[in-house]
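The values are calculated or read from the model by the stated rules, or taken from the named source; none is laboratory data. Computed from a prediction, not measured in an experiment: that's the story for all the values here. FYI the Cβ positions are ideal-geometry reconstructions off the backbone, even for glycines, and counts take in every protein chain you see.
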Amino acid sequence: MHRNQAIVAIARQLLELVWYVLSHKQPYRNFSHERIAYKYLTWSWQLGEADRDGLTRQQFTRYYLMRLGIGHDLKRIALNPNHPRRLASEAEVLALRPELKRTE
């Protein structure tokens, strides 16, 4: 197989994976809801308050979990048991962003 053919084959597989995840609105199979929440929390640490649109880090994380429709039962993230991280409640985020109504 030529080098360019291998690159195109890998790019296509990645594109198919991204399409599947986005079109089915499901997390990638190897990530738990807690892992996804932790990724959003670490992303919020890198953003300033203006970039988070005035939301706290915990509210920012809950906001994006609600947009994905996952993690309704998560109260905190405890990937490292020594440093559990609290998440904002859905009611707290709905008070700030009423356009997000929980749909099941």
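Would you be able to tell me the number of residues in the range 52-75 that are charged (D, E, K, R), touching a helix residue (DSSP H, G or I) at 6+ places or on another chain (Cβ under 9 Å) and not in a helix (DSSP H, G or I)? Qualifying residue count, the range 52-75: 3. Please determine, by comparing only the residues of the range 32-51 that are aliphatic (A, V, I, L, M) and in contact with a helix residue (DSSP H, G or I) (Cβ under 8 Å, 6 or more places away or on another chain), which one is farthest from residue 72 (Cα to Cα). Here the residue is 47. The selection criterion, being assigned by TED's automatic domain parsing to the domain that holds residue 83 and of a type outside the set (Asp, Glu), does not hold for residue 20.
Evaluating residue 44 against the criteria (1) part of a loop (DSSP other than H, G, I, E, B); (2) surrounded by 15 or more Cβ atoms within 10 Å (Cβ to Cβ) leaves one unmet condition, (1).
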